[in-house]
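Input: a single structure, listed below in structure tokens.
Where a number appears in this text, it was derived from the coordinates with a stated rule and is not lab data. Keep in mind the model is a prediction, meaning the values are calculated, not measured. We place every Cβ from the backbone using ideal geometry, glycine too, and count neighbours over all the protein chains shown.
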């Protein structure tokens, strides 16, 4: 990730058509903000290719919940990185109900493992 997760805020929000992963610095930090934005672009590109190795590495597991279906249904899911004032986000969306369920499973695991709670 490239920045201290304890001085940053994670949000893993489920939405009706998928969800979003948000990472922002808690305080203004131009270098950290640029690092986060680059990280979000990498995540969007990797996930678009069906590459979920990074979440598995971060969470020390061979497979993060939801990612097998997200990989299988990658043609039905879009990933879009967006800049935010103190970082960035990845918007994950689909019209496929099975893909949306997998995205929600992935985000729920992320919330739990990062102890991000509900926002």
Folded to 0 to 90 degrees: helix 30-48 orientation relative to the chain principal axis, Cα
10 degrees
Eigenvalues of the Cα gyration tensor times 5, then square-rooted: what semi-axes does that give for the chain, in whole angstrom, largest first?
23, 14, 13
Once the piece of chain linking residue 6 and residue 96 is laid out straight, how much longer is it, given 0.36 nm per residue of separation minus the C-alpha distance between them?
28.9 nm
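Counting only C-alpha contacts under 8 Å and six or more residues apart, can you give the relative contact order of the range 5-113 as a whole percent?
Values: 194 pairs, mean separation 39.0, N = 109.
Value for the range 5-113: 36 percent.
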PRE zone check, label point 7 Å out along Cα-to-Cβ of residue 112, amide N under 17 Å, scope the range 1-43, hits 12-14
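What does the helix-only formula give at 222 nm for the chain: each DSSP H stretch with n ≥ 4 adding -39500 (n - 2.57), the total divided by the residues, and the result rounded to the nearest 500 deg cm²/dmol? The partial results should precede the final answer.
On the way: 4 runs with 48 residues, N = 119.
So the helix-based figure for the chain works out to -12500 deg cm²/dmol.
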Taking neighbour counts of Cβ atoms within 10 Å as a proxy for exposure, in what order, fewest first, do 33, 63 appear?
63, 33
